[in-house]
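As structure tokens, the structure follows; a few thoughts come after it.
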Amino acid sequence: MSKQEIEIAGAKRQLEITPFEHHTKFHETDLQGVIHPSNYLNWLEDARMHLMEQMGLGFKQMLDMEISSPIISQSIEYRSNVKFDETIVIDTKLLSYDGHEMEIAYRIYDKATGEDRAIAKTRHCFVNKSGAPISMKRAYPELDTKFFEFK
């Protein structure tokens, strides 16, 4: 678990970010009993939403504000196979944020053994309801501040 310091209402407190966990399902496997690579993208999305909620920027809250953060690039480096009925843990880290884009790093590992299964990165922009890019600093300075406090 990583600890991030965040200032809330003038008082500093430790924000403990918990990693995302997923117990693999049979329907996620291929004919060899190995998790199909397409599932990793769903796990990354779930882990990112989990991180954002802990930052106080939940997906529902952002949608209510008519903001979304689509993926503009992604990379996954597979280290070892994940199989049915295993629990994987995904550590997330906000690597960069500039008000227009953010980049998140992920480490996927086996809960039981600690063995690395994959590492990944995703890059996201911020858009409004009509899909036009937005500057969080100009449009939502209170959210922009949260990102900088967290980073």
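Can you tell me the orientation of helix 38-55 relative to the chain, as the angle in degrees between its alpha-carbon axis and the longest Cα principal axis, to the nearest 10? Tilt relative to the chain: about 40 degrees. For the range 93-103, putting each phi into the Karplus relation 6.51 cos²θ - 1.76 cosθ + 1.60 with θ = phi - 60° gives couplings of 8, 6, 7, 8, 7, 10, x, 10, 9, 9, 10 Hz, in residue order, rounded to whole numbers and with x for Gly and Pro.
When you filter the chymotrypsin sites (Phe, Trp or Tyr not before Pro) in the range 20-87 for DSSP loop state and at most 16 other Cβ atoms inside 10 Å of their Cβ, you are left with 84.
Figure legend: label point modelled 7 angstrom from the Cα of residue 31 along Cα→Cβ; residues of the range 61-103 with amide N under 18 Å from it are 84.
Once every DSSP H run of n ≥ 4 in the chain is given -39500 (n - 2.57) and the sum is divided by its residues, what mean residue ellipticity at 222 nm do you get, rounded to the nearest 500 deg cm²/dmol? Helices in the chain give a 222 nm mean residue ellipticity of -7500 deg cm²/dmol. Less than 5 angstrom separates the built amide H of residue 95 from those of 103, 104, 105, all sequence-distant by 5 or more or on a different chain. In whole angstrom, the chain maps to an equivalent ellipsoid with semi-axes of 30, 18, 12, each derived as √(5λ) from the alpha carbon gyration tensor and ordered largest first.
At most 15 other C-beta atoms within 10 Å and a DSSP loop state: those are the exposed GluC sites (Glu not before Pro) I care about. Give me the longest piece of the chain that has none. With a cap of 15 other Cβ atoms within 10 Å, the longest stretch comes to 1-65.
Each value in this text was obtained by applying a stated rule to the coordinates, not by laboratory testing. Quick caveat, the model's predicted, so the values are computed rather than measured. We place every Cβ from the backbone using ideal geometry, glycine too, and count neighbours over all the protein chains shown.
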